[in-house]
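The values are calculated or read from the model by the stated rules, or taken from the named source; none is laboratory data. On a predicted model such as this, the values are computed, not experimentally measured, just so you know. Note: ideal-geometry Cβ built from the backbone for every residue, glycine included; neighbour counts use all protein chains shown.
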């Protein structure tokens, strides 16, 4: 997905990414955002009306992607407090405004995860 510059910039400021060999920080960030949306669409069962709740309720798709180090693409990931919160808020607001488009774009790539707490 080609994420808006504002979201990418916010996550760049919110994260220190040490990519694994063969990956760049940009590729890792792209993977974080894309994988988050794949999981959110799976959790929402492809229903745009359920996407916001799928993103914001525990155990969140983003919260599940970060500790997994994005499928081995990242060696170390550091989150920066309030900058992290701002980035997440921007991401979620974008998803809310574009829920139908995002569900359509990621429906065939929906990725299940253990979302039970």
Inset, instruction - Please report, ordered by residue number, the helices (runs of 4 or more DSSP H) entirely within the stretch 1-64 with at least 3 residues that are over 26 Å from residue 76 (Cβ atoms). - result: 25-43, 48-56
Legend entry - Of all residues in the stretch 48-72 being loosely packed, with under 14 Cβ neighbours inside 10 Å and at pLDDT 90 or above, the one that is nearest to residue 107 (Cα to Cα): 49
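Look at residue 17 and say whether it is crowded, with 20+ Cβ neighbours inside 10 Å and within 15 Å of residue 92 (Cα to Cα).
Values: crowded, with 20+ Cβ neighbours inside 10 Å: yes; within 15 Å of residue 92 (Cα to Cα): no.
Answer is no for this residue.
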Inset, instruction - Looking only at the stretch 4-54, count how many residues are under 21 Å from residue 113 (Cβ atoms) and without any contact (Cβ under 8 Å) to a residue 12 or more places away in the chain. - result: 3
Inset, instruction - Would you mention how many residues in the stretch 73-99 are surrounded by fewer than 12 Cβ atoms within 10 Å (Cβ to Cβ) and part of a helix (DSSP H, G or I)? - result: 4
Inset, instruction - Mind counting the residues in the stretch 34-47 that are touching a helix residue (DSSP H, G or I) at 6+ places or on another chain (Cβ under 7 Å) and either crowded, with 19+ Cβ neighbours inside 10 Å or modelled with pLDDT under 95 (or both)? - result: 9
